[in-house]
Amino acid sequence: MSLDALRDELTEVLRDGVITDPAHLRTYECDALTGYRVVPALVALPRDAAQVAAAVRACAAHGVPFVARGAGTGLSGGALPTADGIVISLQRLRRVVDVDPVDRRATVEPGVTNLDISLAAARYGLYYSPDPSSQQVCTIGGNVAENSGGAHCLKYGFTANHILAIDVVLPDGTPTRLGGDAPHQAGYDLLGAFVGTEGTLGIVTGVVVRLLHTPATVRTLVADFDSTKDAGDAVTAIIAAGILPAAIEMMDNLAIQAVNATVDAGFDPDTAALLIVELDGPADEVQARFTELLEKCTRATRVTVARDAAHRAQIWQGRKAAFAAVGRLSPNYFVQDGVVPRTRLGEALTRIAAMGDAAGIRVANVFHAGDGNLHPLVLYSEARGEHDRAEALSTAIAELCVELGGSLSGEHGIGTDKACSMPRMFSADDLATMQRLRAAFDPRGLCNPGKVFPTPRLCGERPGPYRPHPLEAAGVIERL
Amino acid sequence: MKPTSLAELRDAVRDSTGTLLVKGAGTASGWAGTPTGVDHELETTGLTGIVAYNPADMTVAVRAGTRFSKLQEELAANGQRIALDPARVQAGATVGGLIATADSGPLRHGYGGPRDLLIGVTMVLADGTVARSGGHVIKNVAGYDLGKLLCGSFGTLGVIAEAVLRVHPLPPATRTVSIPCDVTEAVELTGRILEARLEPAALEWYGGALHARYEGLESSVELRAAATPGGTVDHEASRVWDGEFVVRCGSRPSQLPAVAKHATAITSSVAVGVHTLAVDSATAVERLRDEFELTVCRRPAGSDLPAWGRPHPAVPLMRAVKQRFDPAGRLGPGRFAPWF
Ligand SMILES: Cc1cc2nc3c(=O)[nH]c(=O)nc-3n(C[C@H](O)[C@H](O)[C@H](O)COP(=O)(O)OP(=O)(O)OC[C@H]3O[C@@H](n4cnc5c(N)ncnc54)[C@H](O)[C@@H]3O)c2cc1C
Ligand SMILES: Cc1cc2nc3c(=O)[nH]c(=O)nc-3n(C[C@H](O)[C@H](O)[C@H](O)COP(=O)(O)OP(=O)(O)OC[C@H]3O[C@@H](n4cnc5c(N)ncnc54)[C@H](O)[C@@H]3O)c2cc1C
């Protein structure tokens, strides 16, 4: 491996698109999971797909590991560099190439933000559906890598359900295309398999997304409850009644307090928990379902219906500001992303609260309740030396979700953060089989190494032996 | 070989030598390439039954040899369904077979195909390894999603033993509106129906008409059916369809007329761009194959028409994946001829 030779080669191709200055390199040392930091050896800023391919080819030739980076809003350390490797930033590839209103799709470069796709499509009454709270900044390339979700994915599905094709530079520098004009795959669904692999199979240089028509009608309510358990039970009742809202979000009192200190979303500061429920679709269907929905909120202490689009936007602004707002309550925090079966929401919240109490650490909750995707925010102070205790609690919460029959992550990815917990959810054979897919794309392991899968170096003394999945232990599923 | 449990399946694969053809109900046994040099048939129809189903979680785990229609009956008793309706279901297609062929019907418009409804999978690899990916919750990004890889794998990467599927509520009412038109008009009408935000669950063209299926509350489907441009409210549409050669083909939605001109009969998910065509000669299939990606699903006995067209850019990657999952080439020999 020769970093000097690589730098010279990259400078020749990318000219001013190479960063070597140590101060400047530090901008790239972490993503939004700021607890992990590594300064990369250098950063490449290609301008187009051909330059990305050239950069990757150069890395392959010199045996240097590389990691793609979009906006760096990832919450699992997915874009964390290695000290002997380079970062390939897609920030300069931010063209909306084409919006096609007839076939309802847009072709964009990977550095385009999630929201900019919808803005470009708006004049045709179309939009790009998956809506992570970070949508103003995060890139579509990052969304593809993480299979990102958002509040409205309950009804409309996640990133994987909205991508028609991607252009990819494979880890040896070869450009290829996965997917096609229609969701009819001739052969293995390699596009589907690629989405959500956290930048470990190649670099996305172009994306064709499906666009939807904006819904005819939208109705939104905020329902206050005396406890998170009552709110959780209401979620179960709504889903069990066959209502499929566009979104069901929950916030507990701590999260509400944080939001209220930052923006005016009209949330009651004294309520224990609230649900934001939104229905959309044809007017008559929405109207009738909204009446049913109100009947499912009988235990609510107060229900506020959004008066108009501006009021609705205010409510959503409150929800989407929650993560940032929590920063006001606490100097430091961890966000977890575990998923539990929807019928176990109440139980999960009760246990998380008890674990927080036992650790003497506050946990705020703001999350996608409709699909059971929790986002416990573990609040701590680095200065008071609470880091290790908070981290242990955070990991224990993620693993609790697996124990309840769920998953370590619903949308933020495994990255560096949760790789060591993977053996809680998957056996050695499961992980080795996933690695076969990786090896088919990246036999030399140069593309975003050290992510998703546990490694002895990363996990140190806790390589985490496989334990049977709780559903296996209960005899519900069988391995053998 | 006809195992009746995961352990028997694993043993059957691990303790045998030679090539294996995975066989479900056989409703699509003619799809893709013709198997060659098969040493053993491995029947999955002994692996049946629901493994876990809690209606309030809206997910179900089921063994892969279960007939899809049987699964739907059990879900319907709880007012639920899998929103997947390929025609083969009536012929007894199995859950694993539908996944392996990535098959779908008109509901693909509203709900996607097997890839979009499959949330977890257990498989047995050619060397007997038992591996699982995904899980039991609808939202889950932990690890690689190997279930998607198996969609369209035609029994060449691993034997699907068990699947966890996303479940939807059965709609209280449905209404299908048929609009007699040609394929060019169908594309234009599709645009108008979507622009009117009528939210059809399916938009399927066949038999000289565009069929718009609405699902929802009684009053709502009635209103939407009445608001459909040019439509006459119909009985639930039903046609029988036949052809010498049958192919499944994908295109941009607006290219439907260019696809249809090769067909003697066609059924098309117009807004999605997935079409099933009856074609009258091998030459016509070859012409179509020059322009569009397709899979041959049926060919007359004795025909040696290749199942796949010009290799698309990702075929080398498909080969690399096959090599890693099944280095000895045990599973489904011939299915991807002439690609590998
Ligand atoms: C305040 C806040 C709110 C958030 N809310 C949500 C939410 O509601 N839902 C949600 O799902 N996530 C959310 N996130 C997480 C994050 O925004 C998403 O994971 C997002 O998709 C990351 O995009 P990015 O461009 O910032 O990617 P980065 O952080 O730069 O990278 C993320 C991963 O993608 C890879 N990658 C990036 N670009 C490419 C490419 N072109 N090709 C291949 N790999 C690539 C990287 O290597 C890395 O592994 C939130 C984050 C923050 C800070
Ligand atoms: C999207 C779509 C929508 C359809 N909608 C309707 C409908 O609403 N009502 C209706 O009566 N018919 C419909 N059909 C026609 C249907 O495909 C078959 O003609 C009919 O169900 C006979 O099936 P079978 O299982 O008896 O075929 P068989 O004669 O048993 O099967 C013969 C061969 O045909 C193949 N085959 C069976 N079904 C399909 C299929 N769907 N696509 C491609 N190959 C197939 C089998 O794999 C087999 O190789 C539709 C077809 C498609 C593709």
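The values are calculated or read from the model by the stated rules, or taken from the named source; none is laboratory data. In this text the structure is predicted, and so the values were computed from the model without any measurement. Please note: Cβ atoms are built from the backbone with ideal geometry, for glycine as well, and neighbour counts cover all protein chains shown. Note: accessible area is taken over every heavy atom of the protein model, side chains too, but ligands, DNA and RNA are not part of it. Shrake-Rupley method; radii C 1.70, N 1.55, O 1.52, S 1.80 Å.
In chain A, carbon and sulfur make up what percent of the accessible area (probe 1.4 Å)? Could the numbers behind the result be given before it?
Details: 8610 of 16740 Å².
After summing per-atom areas, the C and S share lands at 51 percent.
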Practice task
Working from Cα positions, state the angle (0 to 90°, nearest 10) between the long axis of helix B:282-291 and the longest principal axis of chain B.
Solution key: 80 degrees
Fill in the blank from the handout: The pairs in A:Lys155/A:Lys296; A:Lys418/B:Lys148; B:Lys70/B:Lys322; B:Lys23/B:Lys322; A:Lys155/B:Lys139 lying past 21 Å Cα-Cα in this model are A:Lys418/B:Lys148; B:Lys70/B:Lys322
Problem - Reduction of at least 50 Å² in accessible surface, 1.4 Å probe, comparing all protein chains with the chain by itself, residues of the range A:171-216 - result: A:Asp181, A:Pro183, A:His184, A:Ala186, A:Gly187, A:Tyr188, A:Asp189, A:Leu190, A:His213
Completion exercise
Taking a probe of 1.4 Å and leaving out DNA, RNA and ligands, the protein assembly as shown shows per residue an accessible area in Å² of 35 Å²
Fill in the blank from the handout: Checked the range B:140-279 against the a/c 1.5 cut and the a/b vs b/c comparison, axes a ≥ b ≥ c from its Cα gyration tensor; verdict oblate
Exercise for the section: Give me the percent of the accessible area of the range B:241-326 that comes from carbon and sulfur atoms, probe 1.4 Å, all protein chains in place. Expected result: 48 percent
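Summarise the accessible area of the range B:173-234 (1.4 Å probe, protein heavy atoms) by the percent that is carbon and sulfur.
Numbers: 1280 of 2300 Å².
After summing per-atom areas, the C and S share lands at 56 percent.
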Fill in the blank from the handout: Taking a straight Cα-to-Cα line shorter than 17 Å from B:Lys2, and setting aside same-chain aspartates and glutamates fewer than 8 residues away, one finds B:Asp11, B:Asp15, B:Asp39, B:Glu41, B:Glu43, B:Glu162
Exercise for the section: Excluding residues on the same chain fewer than 8 positions from A:Lys320, give the aspartates and glutamates whose Cα lies under 12 Å from its Cα. Expected result: A:Asp131, A:Glu249
Problem - GNM top mover of B:Ala64, B:Ala93, B:Ala173 - chain B, alpha-carbon springs below 10 Å - result: B:Ala173
Exercise for the section: Determine the shape class of the protein assembly as shown: with a ≥ b ≥ c the square roots of the Cα gyration tensor eigenvalues, call it rounded for a/c under 1.5, and otherwise prolate if a/b is greater than b/c, oblate otherwise. Expected result: rounded
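In terms of the Cα gyration tensor, with a ≥ b ≥ c the square roots of its eigenvalues, is the range A:216-322 rounded because a/c is under 1.5, prolate because a/b exceeds b/c, or oblate?
Taking the square roots of the gyration eigenvalues as a ≥ b ≥ c, the range A:216-322 is oblate.
Restricting to DSSP loop positions (anything but H, G, I, E, B) with no more than 15 other Cβ atoms inside 10 Å of their own Cβ, which GluC sites (Glu not before Pro) remain in the range A:341-405? Walk me through the numbers before you get to the answer.
Working: sites: A:Glu347, A:Glu382, A:Glu386, A:Glu391, A:Glu399, A:Glu403; in loops: A:Glu382, A:Glu386.
Qualifying residues, ordered by number: A:Glu382.
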Fill in the blank from the handout: The answer for chain A, counting only DSSP H helices whose Cα atoms cover 15 angstrom or more along the axis and whose Kyte-Doolittle average is -1.0 or greater, is A:3-14, A:49-62, A:228-240, A:283-296, A:345-359, A:387-403, A:428-441
Completion exercise
In the range A:96-120, accessible area falls by at least 40 Å² from chain alone to full assembly (1.4 Å probe) for A:Asp103, A:Arg104, A:Arg105
Handout entry: chain B: angle of helix B:218-227 to the longest principal axis, Cα-based, in degrees nearest 10
Key = 60 degrees
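What's the buried accessible area, both sides, between A and B using a 1.4 Å probe, rounded to 100 Å²? The partial results should precede the final answer.
On the way: alone 20370 and 15500 Å², together 28570 Å².
Summing both chains' loss of accessible area gives about 7300 Å².
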